[in-house]
Structures are given as C-alpha cells and as structure tokens.
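S.K.: I have a structure here, written as structure tokens, and I will follow up with some questions on it.
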Amino acid sequence: DAKTTQPTSMDCAEGRAANLPCNHSTISGNEYVYWYRQIHSQGPQYIIHGLKNNETNEMASLIITEDRKSSTLILPHATLRDTAVYYCIVRPRGVTSYDKVIFGPGTSLSVIP
Amino acid sequence: EAGVAQSPRYKIIEKRQSVAFWCNPISGHATLYWYQQILGQGPKLLIQFQNNGVVDDSQLPKDRFSAERLKGVDSTLKIQPAKLEDSAVYLCASSSYQETQYFGPGTRLLVL
C-alpha cells in the first residue's frame, strides 16, 4: 500500500493558486516527500521534493508541516497546462537507503478557464 | 541533458504473442526502474536495477516477464506470452543512486 493519501480530484480556477494536500502520517525520519505530475499520455514529471524545510523552485512550492505528517504542493498561478494527475510519494534518498517507491492513485487536478 | 528514451511508443499485439520494450536511461544514472501503469492507477514498480544487478523484482510476474540490463546501461523488458491484462503503459525511469527518478514517455501496450 502507498504510504500517502491524497484527495481523488480537485478543481482550480485558472490564474488562482492550486493547493494539493498529502497525508503521510507514517513517514520515517530519513524519508523525503516527493511530488510528481503526469499529464495525459506522458510519463510522470518530477516537480519538487523536501525533507522538513519548505522548498520552492520554478514550478511549485512545497510546504511540509512541522511534524512532517502532511504536506501541501502549491502551484502559485495555475494554468490549463497544469491539468494533470499529481502524485505525492515518500522515499529515502542515498546509496545506503533502499525502499520500494509506491505510487498511490494521486490527485486529478482540473484547471478550469 | 537528454532524458530517458523508450521505444516503441505504442505496440499492439495479440494474446500469447511476445513483445519487448527498450529503455535508454539518462547518461550516468546507475539505477533503472521499470513500472507498469494500468489505466486509472499509479505506476507499479516491476523491477529495479542498480548498475546491471537486480535490487528488487518482487512484483515482476516471472513466469512471463523478464528484464535485463546488460553492461549497466540500456535495458529491455520482455513479456512472453502476453495476456489481456498486460495491457498498460510501461514506464522506464532512471536515477543516480536512489536520488530523484526521471521518467521516460512510456510504451503503451494493447493486447487483443
């Protein structure tokens, strides 16, 4: 079973911020939170990842709660091209850490004109 | 930097036939993954290689699926014989030693 739970679907108005939540209450200390998205008929695309600090890049921001049991991916100004399935996963990083990466069904985000 | 390459992009076969998929990972990436994604579901890991050794193949149906990664670079995934339930998208991903995975475009397989 996936270690994360996400809402099945969400809508967001074009130009508004899209806030996608993810629960990972059993996350371990060495596990990072990763976000990917999958646009129809394409492979999953890496968005962002973080351990405990908030992270921002050119695509999105990642807010992780202090207890690390949940996080939120923020797309600051959603466009129609952001319509996709968004996956939140947790996994360790580094050569000495191995764990099977398990994808859940993700959140289907629809950006509405 | 070139991404993960996969071929073919689409394949239609009849049940009981065999099929093979090819993946070329990002240059220098030691870890290679094959995933199966059935419509409406998230990707499911089939097999993970570290260089040319298998790290995890616990979800690979070994009676019909096989994979190899000779020389620790390119990889092929084979299905023989195919069943109707093998219809899915087969995704290849690569990473640098358990770091961020980068995915290819996938091969869409339809078994009739």
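S.K.: Going residue by residue through the stretch A:56-64, is there one that turns out to be within 14 Å of another protein chain (Cβ to nearest Cβ), farther than 15 Å from A:Ser110 by Cβ and among the small types (Gly, Ala, Ser)?
M.R.: The answer is no, given that none of the residues of the stretch A:56-64 is within 14 Å of another protein chain (Cβ to nearest Cβ), farther than 15 Å from A:Ser110 by Cβ and among the small types (Gly, Ala, Ser).
S.K.: Mind listing whichever residues of the stretch A:55-75 are over 23 Å from B:Ser95 (Cα atoms) and in a loop (DSSP other than H, G, I, E, B)?
M.R.: A:Thr65, A:Glu66, A:Asp67, A:Arg68, A:Lys69
S.K.: May I ask you to say which residue of B:Ala88, B:Ala93 is within 14 Å of chain A (Cβ to nearest Cβ), in contact (Cβ under 8 Å) with a residue 24 or more places away in the chain, in contact with a Leu (Cβ under 7 Å, 6 or more places away or on another chain) and under 19 Å from A:Phe103 (Cα atoms)?
M.R.: Details: B:Ala93 fails: in contact with a Leu (Cβ under 7 Å, 6 or more places away or on another chain).
None of the others qualify; the one that does is B:Ala88.
S.K.: Still on this structure, I have one more. Can you name the residue in the stretch B:2-16 that is closer than 18 Å to B:Tyr33 by Cβ and assigned to a loop (DSSP other than H, G, I, E, B) and, of all such residues, is modelled with the lowest pLDDT?
M.R.: B:Ala2
S.K.: Quick check on B:Pro81: is it within 14 Å of another protein chain (Cβ to nearest Cβ), assigned to a loop (DSSP other than H, G, I, E, B) and at negative phi?
M.R.: Spelling it out, it is not the case that B:Pro81 is within 14 Å of another protein chain (Cβ to nearest Cβ), assigned to a loop (DSSP other than H, G, I, E, B) and at negative phi.
S.K.: May I pose another question? Kindly check whether there is at least one residue in the stretch A:76-83 that is part of a strand (DSSP E or B) and at pLDDT 95 or above.
M.R.: Filtering the stretch A:76-83 down to residues part of a strand (DSSP E or B) leaves none.
For the stretch A:76-83, residues part of a strand (DSSP E or B) and at pLDDT 95 or above: absent.
The values are calculated or read from the model by the stated rules, or taken from the named source; none is laboratory data. It should be emphasised that the depicted structure is a prediction, and the values quoted were computed from it without experimental measurement. Glycine also receives a Cβ, built like all others from the backbone with ideal geometry; neighbour counts cover every protein chain displayed.
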